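Engineer: Provided herewith is a single structure, encoded as structure tokens, for subsequent inquiry.
The values are calculated or read from the model by the stated rules, or taken from the named source; none is laboratory data. Because the structure is a prediction, the values reported are computed rather than measured. Cβ coordinates were reconstructed from backbone atoms using ideal geometry, including for glycine residues, and neighbour counts include every protein chain displayed.
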Amino acid sequence: MITHDLRVIADAILDKKGENVVSIDLRPIGTAITDYFVICEGSSTTNVAAITDNIVKEAREQLGLKPSRMQGMENNFWVILDYGNIVVHIFQKEYRDFYHLEDLWADAPQKTYKLRKKAKKTNEQEAEEDYE
């Protein structure tokens with residue numbers, strides 16, 4: 001299910017302190033090269049690399065997906081991960097501000113993702129985990 005795939009990717013980004021995570025539904029636009037873009041930003045080249053690595057790891061482990069193409073890891077200014085129906089763009093902030101991808105696809109529906117609160121474990125659950 002595509003919404004689940006988008007959420008897994010967004011969570012992978014947010015887990016590594018990615019910011020301003022947006023998905024753009026390109027399906028209504030007949031000329032688009034993919035169904036969805038996911039766009040986010042990292043604060044540094046190191047942060048962009050960590051976000052990229054986590055997306056690749058979580059998409060593989062949770063969704064069984066491997067990117068068909070990966071570009072930009074040599075400098076980590078703007079990394080693109082192509083999963084076919086989802087293309088992920090991981091920018092450093094200044095590059096995202098310069099290219100304005102969201103503005104290019106302004107007519108398409110967009111969704112913003114925020115960090116979800118993880119459920120706190122009860123003492124009983126923690127004790128069971130320690131016991132296993």
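Engineer: Would you be able to say whether some residue in the stretch 61-84 is out of contact with any strand residue (DSSP E or B) (no Cβ under 6 Å at 6 or more places or on another chain), of a type in the set (S, T, N, Q) and under 18 Å from residue 31 (Cα atoms)?
Structural biologist: no
Engineer: Now for a different question. Of the residues 87, 79, 38, which single one is modelled with pLDDT of 95 or more and under 20 Å from residue 115 (Cα atoms)?
Structural biologist: 38
Engineer: From 45, 31, grab the single residue that is without any contact (Cβ under 8 Å) to a residue 12 or more places away in the chain and of a type outside the set (Gly, Ala, Ser).
Structural biologist: Answer to the selection: 31.
Engineer: Where in the stretch 1-119 are there helices (runs of 4 or more DSSP H), lying fully within it, with 1 or more residues that are at positive phi, out of contact with any Asp or Glu (no Cβ under 8 Å at 6 or more places or on another chain) and surrounded by fewer than 18 Cβ atoms within 10 Å (Cβ to Cβ)?
Structural biologist: Hits in the stretch 1-119: none.
Engineer: Just name the residue that is farthest from the chain's Cα centre (by Cα) out of those in the stretch 1-42 that are more than 14 Å from residue 78 (Cβ to Cβ) and small (Gly, Ala, Ser).
Structural biologist: If we take residues in the stretch 1-42 being more than 14 Å from residue 78 (Cβ to Cβ) and small (Gly, Ala, Ser), then 30 is farthest from the chain's Cα centre (by Cα).
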